[in-house]
Amino acid sequence: MTMPSPGFRTGEGDTQAPQLIASATLLWVLAASLVALRCYVRTKIVKAFGWEDWTLLAALVSPGLRVGVPDGQADDDAGLLAGA
């Protein structure tokens, strides 16, 4: 079996783009939930919200600033199944 040439289109149903978007979204929501729980504990219970917590929030928000990236990658055939 040979590999298709670059730019080869397999058809409409041969992409994993929906799964890529769903998994990226699911993992981001899970991470956001855990960060929210940590922030609650650090502010209300421990009362010590430090620089590492701000760094964690910045790391969580930075992918959120690129919300269209998974969609853009899916549009650029990032999940295309070559030769399927």
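The values are calculated or read from the model by the stated rules, or taken from the named source; none is laboratory data. These figures come from a predicted structure and were not determined experimentally. Glycine also receives a Cβ, built like all others from the backbone with ideal geometry; neighbour counts cover every protein chain displayed.
What pairs can you find where one residue is in segment 33-59 and among the basic types (Lys, Arg), the other is in a loop (DSSP other than H, G, I, E, B), and their Cβ atoms are less than 7 Å apart, with a gap of 6+ or different chains?
Correct list of pairs: Arg42/Ala48; Arg42/Phe49.
Condition first: of a type outside the set (Val, Ile, Thr), without any contact (Cβ under 8 Å) to a residue 40 or more places away in the chain and exposed (fewer than 14 other Cβ atoms within 10 Å of the Cβ). Now tell me which residues in segment 11-31 satisfy that.
Gly11, Glu12, Gly13, Ala22, Ser23, Leu26, Leu27, Leu30 - these are the residues of segment 11-31 that are of a type outside the set (Val, Ile, Thr), without any contact (Cβ under 8 Å) to a residue 40 or more places away in the chain and exposed (fewer than 14 other Cβ atoms within 10 Å of the Cβ).
Any idea which of (1) surrounded by fewer than 11 Cβ atoms within 10 Å (Cβ to Cβ); (2) at pLDDT below 65; (3) of a type in the set (A, V, I, L, M) is the one Leu37 doesn't satisfy?
(2)
Specify which of the listed residues (Pro70, Pro63, Pro6, Pro18) is modelled with pLDDT under 90 and part of a loop (DSSP other than H, G, I, E, B).
Pro6
Filter segment 40-53 for residues that are closer than 21 Å to Pro63 by Cα and surrounded by fewer than 12 Cβ atoms within 10 Å (Cβ to Cβ) and give the result.
Within segment 40-53, Trp51, Glu52 qualify.
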